[in-house]
């Protein structure tokens, strides 16, 4: 469901205040194919009216080695889409079940270039496939 920038900011504030673990994916969507850019897992470390920064530096047990994260410009976004398992069409039962079991909610941030960033609020961090 399409939501306003204010509603998206409210969701992000709630996730930050709850210290919610997020899985993020960024994509570039050219006409001929979808290019996957990056993915990660972390928390909202900074949130302003203009951007959100997600990182994993506060989790000592996550992926030993390099720190990673992403910064998403909220001021350049052209659209926000909120969805959860209830929004999935009945024909996509496997996807619906997977979303319901793993995530509380997802927020897609869209850009005029065709790029998008998907943020997924994880239900159970201990069940994720994290290398040891």
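Scan region 12-29 for residues that are within 17 Å of residue 77 (Cα to Cα) and either at pLDDT below 95 or part of a strand (DSSP E or B) (or both) and jot them down.
24, 25, 26, 27, 28, 29 - these are the residues of region 12-29 that are within 17 Å of residue 77 (Cα to Cα) and either at pLDDT below 95 or part of a strand (DSSP E or B) (or both).
Say whether the condition of being crowded, with 17+ Cβ neighbours inside 10 Å, at pLDDT 60 or above and either within 14 Å of the chain's Cα centre (by Cα) or under 20 Å from residue 123 (Cα atoms) (or both) is met by at least one residue in region 56-65.
Yes, there is a match, as at least one residue in region 56-65 is crowded, with 17+ Cβ neighbours inside 10 Å, at pLDDT 60 or above and either within 14 Å of the chain's Cα centre (by Cα) or under 20 Å from residue 123 (Cα atoms) (or both).
The values are calculated or read from the model by the stated rules, or taken from the named source; none is laboratory data. In this text the structure is predicted, and so the values were computed from the model without any measurement. Cβ coordinates were reconstructed from backbone atoms using ideal geometry, including for glycine residues, and neighbour counts include every protein chain displayed.
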